[in-house]
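A.B. asks: One structure, pasted below without further comment.
The values are calculated or read from the model by the stated rules, or taken from the named source; none is laboratory data. In this text the structure is predicted, and so the values were computed from the model without any measurement. With ideal geometry, Cβ positions are generated from the backbone for all residues, glycine too; neighbour counts draw on all protein chains shown.
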Protein chains: 2
Amino acid sequence: MNVEWLEAFLITTKAKSLTKASEQLHMTQPALSKQMRKLEEDLGATLFIRSATGVELTEAGKILFEEIEPVLRKIHSIRKDILMTKGITGIKIGTWPSIAAFYLPDRLAAAKKSHKDREISIKVSYSYKEILRFLREGIIDVALLDDREIQHPYWSKQLFSEPFYLFVHRQHPLAKRDHIYFNDVKDESLVVLPPSCDVRILLEKAFKIHNADLKISSEIDFGQSIIGFISANLGVSILPEIFTHHADQSRIKALPIVDFKMKRVISLISRNPDMGKLLLSLLFSPY
Amino acid sequence: MNVEWLEAFLITTKAKSLTKASEQLHMTQPALSKQMRKLEEDLGATLFIRSATGVELTEAGKILFEEIEPVLRKIHSIRKDILMTKGITGIKIGTWPSIAAFYLPDRLAAAKKSHKDREISIKVSYSYKEILRFLREGIIDVALLDDREIQHPYWSKQLFSEPFYLFVHRQHPLAKRDHIYFNDVKDESLVVLPPSCDVRILLEKAFKIHNADLKISSEIDFGQSIIGFISANLGVSILPEIFTHHADQSRIKALPIVDFKMKRVISLISRNPDMGKLLLSLLFSPY
DNA sequence: TAAGGGTATAACAAATGGTTATGGGTGATC
DNA sequence: GATCACCCATAACCATTTGTTATACCCTTA
């Protein structure tokens, strides 16, 4: 029996769907389907009732669901304790501004509670290349970025992926809608981040895929300011989901673009695999 | 991370040796070596200090050793609870006399404590073929025997393997030794079990491998009587280890035959895999 | 110095775990 | 009531993993 199967089982049960769970787990639906069959085979019992609308638990599945979470939690804490013996301290993280400003602080706050001792510092840069150089030169120990298109020799693990939204002021005509299609925005002029920025690069790639031209109304240095720009009704923008959590809901609306398949993927990249695993444990584990 | 790796880690730690543990686990030493490396890689820490005399735990290994057993116990109990939902009752076991007399009673007693409800009955026969026929015809649900040389379509899992010993009366000349070699006994006349019996068959095979002739002094129907025979100083015999636990230590001595490689292997064979797994859980699990 | 017990490594076969492509239900929508 | 969107299963395929046997090398001991 594989511990990953059990983790996947928990996710699947909560999502009530193999397809949705497989996205959360960064794998395809058939792969997850196979894993759950393996788990059922291993336990000698059917865990899910599968239907065209999703999956629900059998009696056996309910037993597993109720009992397994503390087990996984315990395994996780053992993992952490073992990594702690390595005496790793003073981890230096390099990442993009949006991650540093919107994502890391909460994680750090949660981890600090249990591990005051271990100081973590953050170095911020817009550009891939610079962050990777920092990593290579030992200025940082780990990087958080989208490394799908980058060749590198380091240990790496996907953390999450986020869809893009159209950010508009509440008074903008599109703000009445609750979702939009790419056609609704492809001819709008957008406020964008600098050319070296990951979000900008992904946006340009997405427009190319959709055979559209990215029209730029203004270019702004940092994510936080772009939000200020939109909330002053000076333009609209397409940004990753994380920006929604830090935008003023009363003035800004974020609209899902249903047929916009491009996602931003954030991975943890570490020169030293042990340090990567420790950080994963301390900051990014769901347990 | 694989749950089997963790179980193997426990066994290895207790055995202080990959080689010895690999025997207990019914696998080869390189296979176990690989598993332990995988576990170390997964955890990001070295667990064992390997030397020419065996293995011992590192600090990280000690943490794992101290913490993991209850986790495995819990997983095991969940497994059992899940199998119990299938409402399997009245399991009928078929096996050889020695297993039925010396091995099963203890196991059943231990299991009965927690599971009074589930009655288990036992059918005994000397011969493979008859036991397999019982299985085929549904007279029994599971069989306990050595199925290494048998082709069958059923679910099967090795339970244990036992070496053979020379059983002699305390007054026998060899009783002064604490171990012997095959050469010391190959010309002795032995008391043996009937020709259809598994122990007899293995014994004949072993003598053939060692290029010796099996000389028979008498043939006796059942294991328990053979022990009585020896304790009356009426002969010597070669029998599997389990007979030592039920022989009168003050009158009988069991001598390891160091260069006698033949072993008796007992597997659990079940028509219905779920029932096999349940029985494994209830009766034969180390947890 | 040779033997015996211990682990590691190489080479290979079988099983596993992932991918894409595709098919068949089911429920919502026009 | 046809069609679309969504969900799960399966097939075919490839890469990785996990087992096997054979062998090497190290250390302890006789």
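A.B. asks: Look through region A:46-69, keep the residues that are within 17 Å of A:GLU4 (Cα to Cα) and aliphatic (A, V, I, L, M), and return whichever of them is nearest to DNA strand D (Cβ to nearest atom).
C.D. replies: The qualifying residue nearest to DNA strand D (Cβ to nearest atom) is A:LEU47.
A.B. asks: Can you confirm whether region B:36-45 contains a residue that is surrounded by fewer than 17 Cβ atoms within 10 Å (Cβ to Cβ), farther than 22 Å from A:ASN2 by Cβ and out of contact with any strand residue (DSSP E or B) (no Cβ under 7 Å at 6 or more places or on another chain)?
C.D. replies: For region B:36-45, residues surrounded by fewer than 17 Cβ atoms within 10 Å (Cβ to Cβ), farther than 22 Å from A:ASN2 by Cβ and out of contact with any strand residue (DSSP E or B) (no Cβ under 7 Å at 6 or more places or on another chain): absent.
A.B. asks: Against the condition within 12 Å of DNA strand D (Cβ to nearest atom), modelled with pLDDT of 95 or more and assigned to a helix (DSSP H, G or I), how does A:GLU40 come out, does it pass?
C.D. replies: Answer is yes for this residue.
A.B. asks: Something else: Which ones in region B:4-48 are more than 22 Å from B:SER161 (Cβ to Cβ), in contact with a Leu (Cβ under 7 Å, 6 or more places away or on another chain), touching a residue at least 12 places away in the same chain (Cβ under 8 Å) and within 11 Å of DNA strand C (Cβ to nearest atom)?
C.D. replies: Scanning region B:4-48 gives B:LEU47, B:PHE48.
A.B. asks: Could you list, in sequence order, all residues of region B:38-59 that are within 14 Å of another protein chain (Cβ to nearest Cβ) and of a type in the set (Lys, Arg)?
C.D. replies: Correct list: B:LYS38 only.
A.B. asks: Run down A:LYS86, A:LYS80, A:LYS62 and say which single residue is modelled with pLDDT of 95 or more and either at positive phi or within 14 Å of chain B (Cβ to nearest Cβ) (or both).
C.D. replies: A:LYS62
A.B. asks: Restricting to region B:1-32, count the residues that are within 10 Å of DNA strand D (Cβ to nearest atom), within 24 Å of A:ASP42 (Cβ to Cβ) and either over 21 Å from the mean Cα position of the chain (by Cα) or within 14 Å of chain A (Cβ to nearest Cβ) (or both).
C.D. replies: So the count comes out to 5.
A.B. asks: Still on this model: Among strands (runs of 3 or more DSSP E) lying entirely in region B:47-117, which contain 1 or more residues that are outside the structural domain of B:SER17 (by TED's automatic domain parsing)?
C.D. replies: By residue number, B:91-95.
A.B. asks: Which of the residues that make up region B:49-74 are more than 16 Å from DNA strand C (Cβ to nearest atom) and surrounded by 17 or more Cβ atoms within 10 Å (Cβ to Cβ)?
C.D. replies: Hits for region B:49-74 are B:ILE63, B:LEU64, B:ILE68, B:VAL71, B:LEU72.
A.B. asks: Further question on the same structure: Counting only residues that are more than 25 Å from B:LEU25 (Cα to Cα) and away from chain A (no Cβ under 14 Å), give me the strands (runs of 3 or more DSSP E) lying completely in region B:179-287 with at least 1 of them.
C.D. replies: Counting at least 1 such residues, we get B:189-192, B:215-219, B:237-240, B:252-256.
A.B. asks: Could you list, in sequence order, all residues of region B:67-77 that are facing chain A (nearest Cβ under 9 Å) and modelled with pLDDT of 95 or more?
C.D. replies: B:GLU67, B:ILE68, B:PRO70, B:VAL71, B:LYS74, B:ILE75
A.B. asks: Return the only residue of B:GLU162, B:GLU119 being within 23 Å of the chain's Cα centre (by Cα), acidic (Asp, Glu) and over 15 Å from B:ILE269 (Cα atoms).
C.D. replies: Only one candidate qualifies: B:GLU162.
A.B. asks: Check B:HIS179 against each of (1) surrounded by 14 or more Cβ atoms within 10 Å (Cβ to Cβ); (2) touching a residue at least 60 places away in the same chain (Cβ under 8 Å) and name the one condition it does not meet.
C.D. replies: Every condition holds for B:HIS179 apart from (1).
A.B. asks: On the given criteria, is B:SER237 hydroxyl-bearing (Ser, Thr, Tyr) and out of contact with any strand residue (DSSP E or B) (no Cβ under 8 Å at 6 or more places or on another chain)?
C.D. replies: Spelling it out, it is not the case that B:SER237 is hydroxyl-bearing (Ser, Thr, Tyr) and out of contact with any strand residue (DSSP E or B) (no Cβ under 8 Å at 6 or more places or on another chain).
A.B. asks: So which residues in region B:267-282 are in contact with a strand residue (DSSP E or B) (Cβ under 8 Å, 6 or more places away or on another chain) and over 11 Å from A:LEU43 (Cα atoms)?
C.D. replies: B:SER267, B:LEU268, B:ILE269, B:SER270, B:ARG271, B:ASN272, B:MET275, B:GLY276, B:LEU279, B:LEU280 - these are the residues of region B:267-282 that are in contact with a strand residue (DSSP E or B) (Cβ under 8 Å, 6 or more places away or on another chain) and over 11 Å from A:LEU43 (Cα atoms).
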